[in-house]
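Worksheet: one structure, shown below.
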Amino acid sequence: MINLIEKIRNVPDFPKPGIGFKDITTLLLDGASFKQSIDELAELFDAGNIDKILGVEARGFIFASALAYKWRKGVILARKPGKLPADKLSQEYELEYGTDKIEIHHDAIQPGERILIIDDLLATGGTVAAATKLVETAKGEIAGIGFLIELTFLNGRSKIENYNVRSLITFDNE
């Protein structure tokens with residue numbers, strides 16, 4: 001077994017001073033590590049209880065697509081505004097300074113479908129909380145929420161604590 005934590009590069013002071021950026025590109029460069037991360041994420045959830053997988057822009061697309069391929073499930077893209085061509089559902093969320101928004105196509109989720117939300121990293125939880133609202137607005141059910149990495153010291157889990165949340169790797173400090 002590969003120690004996946006060792007495959008993640010910490011970049012100090014990026015994108016601003018005091019932030020230790022968790023760079024997953026080093027994990028993705030190693031095929032065995034990438035495969036192991038997908039296999040381990042897959043073990044955290046019951047594929048039989050999932051209809052589609054929603055990937056959050058942009059790195060969440062990588063993991064959501066690989067899981068969808070592995071399980072033969074459809075993929076929903078949660079994108080930033082202006083990226084999807086058809087009718088959309090939008091959800092705004094709070095940032096440290098201001099707001100942002102993510103969108104899905106209005107017909108991406110049928111009522112009652114069980115959706116697994118996947119992103120690469122849970123930090124403050126705003127983006128993934130917005131993704132849960134999009135799923136629920138579309139009358140889908142959230143089968144779970146998965147992350148490669150969770151920064152526990154930022155307490156993002158508190159925004160999604162009513163769901164089945166799983167993370168492969170946790171960091172308790174920067």
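Points worth noting:
- Computed per residue of the chain from DSSP H runs no shorter than four, each worth -39500 (n - 2.57), the mean residue ellipticity at 222 nm is -7500 deg cm²/dmol.
- Built from the Cα atoms of the stretch 46-171, the convex hull projects on average onto 7.3 nm², one quarter of its surface area.
- Signed unit charges on C-beta, dipole axis of the chain, positive-most listed residue Thr170, Pro81, Asn3: Pro81
- Between the amide H of Leu121 and those of Leu148, Ile149, distances stay under 5 Å, these residues lying 5 or more places away or on another chain, with hydrogens modeled in the peptide plane.
- Distances between placed amide hydrogens fall under 5 Å for Ile8 paired with no residue 5 or more residues away or on another chain.
- The trypsin sites (Lys or Arg not before Pro) of the stretch 8-86 meeting both criteria, a DSSP state outside H, G, I, E and B (loop) and at most 14 other C-beta atoms within 10 angstrom of the site's C-beta, are Arg72, Lys83.
- Remark: the stretch 103-174 carries a charge dipole of roughly 200 debye about the Cα centre, counting +1 on each Lys and Arg Cβ and -1 on each Asp and Glu Cβ.
- Total charge dipole magnitude, the stretch 53-122, about the Cα centre, Cβ charges on Lys, Arg, Asp, Glu only, Debye to nearest 20: 440 debye
- Each residue of the stretch 35-46 was assigned a 3J(HN,Hα) from its phi angle through the Karplus curve 6.51 cos²θ - 1.76 cosθ + 1.60 (θ = phi - 60°); the sequence is 4, 4, 5, 5, 4, 5, 4, 4, 5, 7, 9, 9 Hz, with glycine and proline shown as x.
- For the residue pairs Lys35/Lys83; Lys70/Lys133; Lys16/Lys52; Lys52/Lys88, the C-alpha atoms sit more than 24 angstrom apart in Lys35/Lys83; Lys70/Lys133; Lys16/Lys52.
- Within the stretch 1-86: Cβ-based charge dipole about Cα centre, in debye rounded to nearest 20 (Lys, Arg +1; Asp, Glu -1): 420 debye
Values in this text are rule-based calculations from the coordinates and carry no lab data. Predicted, not measured: the structure shown is a model, and the values here were computed from it. When we count neighbours, we look across all protein chains shown, and the Cβ atoms used for this are built from the backbone with ideal geometry, even at glycine.
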